[in-house]
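Written out below as structure tokens is the structure these notes cover.
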Amino acid sequence: MSSVTKLSMVILCMKSPEALGLLFLPLVEHFPAASKFYSGKMQPQIIMSSLSSKPNPNRFCCYGCGAELQFEAPDAAGYVEPDRYALKQRHRQLRQGLCCRCRALSQGQILPAVAEGRLRKAGGNGVTSPEELRAQLLPLRERKALVVLLVDLTDVAGTLLPRVRDLIGANPVVLVGTKVDLLPKDTDEHAVGQWLAQVGDARIGGVIDVLVVSAKNGIGMREASNEIRGVRSGRDVFVMGAANVGKSLFISAFLEASYAGKPPRLPISSGTPGTTLSPIAIDAFSGGSKLYDTPGVHLQHRISTHLLPDELKVVLPRGRMRPYTPPSPSVVPTTFFWGGLARFDVVTAPKALRLSFCAFNLRVHSRSTVLADNEYAAQVGRTLTPPLDPESAEQFGALQLRRSVELNVRPMQQAADIAISGLGWVSVGCLNTLEDTRAAGLLATIDVWVPRGVEVLVRPPMPIAGLPTAGALSRAIWDGGRPSIQDRG
């Protein structure tokens with residue numbers, strides 16, 4: 001490098017902290033320990049709103065959701081008040097603009113952008129559809145990329161994307177379990193990672209690594225940053241996942257862990273499914289490759305599609321999960337109502353059977369199964385909530401028998417999880433018992449009722465703390481046997 005070139009670079013860096021940051025960026029990427037010397041302010045740029053189109057310098061997008069800014073249609077994506085748009089345009093600040101919806105989301109409002117489920121049936125407002133968001137991701141399967149696939153550890157059944165290979169092709173995957181900070185206190189994160197690897201390999205294939213993190217608290221983010229930057233091999237990195245899995249928050253934590261700082265403007269993170277509406281490219285790597293935030297994939301089999309915004313607030317986490325294990329049924333059959341959203345009928349079971357309900361903010365009510373139908377009809381929307389009122393309960397509709405599950409349970413082991421997509425799971429376990437297990441063993445038959453279209457999965461038990469057999473978790477293994485399952489939906 002000539003002395004003139006060196007002098008020009010020094011002068012440029014004195015005038016522009018961003019330029020200094022760009023000089024340090026390759027160093028930080030290849031030598032993470034150097035990140036403490038990096039203080040430049042990276043400015044994320046929304047390069048495109050479609051993966052199949054070229055960047056358009058005359059197209060200005062909301063940096064919060066990726067939608068193209070406009071001032072003509074208040075009910076459409078990217079809307080900005082005309083006066084505010086004109087002011088930003090006059091000062092050439094449209095690249096730094098937030099749309100009205102993103103400003104409201106950043107203040108904690110729940111504003112669904114996607115018309116789905118009950119909102120779609122009722123003709124509710126929505127600025128896009130699940131099909132339109134999914135179509136934006138299809139060009140990814142034709143590109144060479146590293147896919148960081150996020151899964152919500154509190155709702156693996158509802159966020160581990162089925163048929164994800166239809167979207168990403170043969171691209172390699174780093175599977176990341178998020179929100180580990182919301183699992184019960186004293187849960188072994190390493191054991192959860194091993195469990196996720198087992199479940200992910202069976203569902204996806206082609207996974208090159210599995211990580212467990214909390215983007216909110218920074219748990220595991222340094223390791224995730226090093227792994228992702230180490231295996232990307234010059235490729236673009238696409239952060240993908242189901243709606244509301246935490247992609248935007250993960251990107252913010254990734255940048256902070258990678259470069260000891262984050263840009264002042266990043267995609268909005270909120271509790272509303274469908275926050276990101278278009279791919280958002282961020283200059284985060286050297287060599288011209290990008291880090292992409294992407295629209296969440298909306299899955300119709302999640303129970304959240306059946307909830308109105310106020311009801312969705314009820315089931316959102318407010319702290320760590322605390323599994324609730326009611327006493328053993330005094331009579332069989334016994335029914336357990338999970339709020340007004342799900343029903344579990346214990347048809348046959350040993351006295352030592354225990355069901356542990358793992359979700360957020362929902363009460364469990366038990367009744368004799370003989371009285372269950374009348375009890376639900378009389379109390380849903382009243383004592384059995386959500387739904388939050390009788391009118392919403394009528395729109396919600398009746399629960400339907402979705403699966404009958406027969407399990408072989410063993411003393412002081414968790415036999416399986418029965419997971420309800422978009423809600424949580426029930427861990428089925430057994431305490432020590434004097435019943436004879438030498439012949440047919442201990443059998444439990446459980447009927448699962450959910451709204452029409454909601455998916456129910458039976459899976460290996462997640463090794464979390466707070467279960468009745470927690471002292472024997474090392475023996476709570478999935479022995480490879482398949483439970484007897486009958487679909488009724």
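The values are calculated or read from the model by the stated rules, or taken from the named source; none is laboratory data. Computed from a predicted model, the values in this text were never measured in an experiment. As a convention, Cβ positions derive from the backbone with ideal geometry for all residues, glycine included, and neighbour counts pool all protein chains shown. Ligands, DNA and RNA are stripped out before the accessible areas are found, and what is left, the full protein with its side chains, is counted by its heavy atoms. Shrake-Rupley method; radii C 1.70, N 1.55, O 1.52, S 1.80 Å.
Using alpha carbon centroids, what distance separates segment 226-284 and segment 340-407, in Å?
Measuring centre to centre over Cα atoms gives 38 Å.
As I understand it, the dipole of segment 230-351 uses +1 on the Cβ of Lys and Arg and -1 on the Cβ of Asp and Glu, about the Cα centre. Which of V314, V332, P350 lies farthest toward its positive end?
So the residue we want is P350.
Arrange the residues K313, K88 by how much accessible surface each exposes, largest first, with a 1.4 angstrom probe.
On the way: K313 100, K88 50 Å².
Reading off the accessible areas and sorting them downward yields K313, K88.
How much accessible area does L161 have with a 1.4 Å probe, in Å² rounded to the nearest 10?
Its heavy atoms expose roughly 10 Å² to the probe.
Give me the 1.4 Å probe accessible area per residue for segment 229-302, excluding ligands and nucleic acids, in Å². Mind dumping the intermediate values first?
On the way: 1800 Å² over 74 residues.
About 24 Å² of surface per residue is accessible.
Taking the Cα centre of segment 297-351 as the origin, how large is its charge dipole in debye, to the nearest 20, when only Lys and Arg (+1) and Asp and Glu (-1) carry charge on their Cβ atoms?
Values: 7 positive and 3 negative charges, 53 e Å.
Taking the Cα centre of segment 297-351 as origin, the dipole is about 260 debye.
At 1.4 Å probe size, put R382, R101 in order of accessible surface, largest to smallest. Write down the numbers at each step before the final one.
Values: R382 140, R101 35 Å².
I get R382, R101, largest accessible area first.
Using the Karplus equation 6.51 cos²θ - 1.76 cosθ + 1.60 (θ = phi - 60°), what ³J(HN,Hα) coupling, rounded to whole Hz, does each residue of segment 443-457 give in order, writing x for Gly and Pro?
The phi angles translate into 10, 10, 10, 10, 9, 10, 10, 8, x, 4, x, 7, 8, 10, 10 Hz.
Given a cut-off of under 8 Å on Cα pairs at least six residues apart, what relative contact order in percent is computed for segment 332-473?
Values: 295 pairs, mean separation 43.9, N = 142.
Computed over segment 332-473, the figure is 31 percent.
Check R402: other-chain or 5+ apart residues with amide H under 5 Å from its amide H, H built from backbone geometry?
Hits under the 5 Å cutoff: V448, W449, V450.
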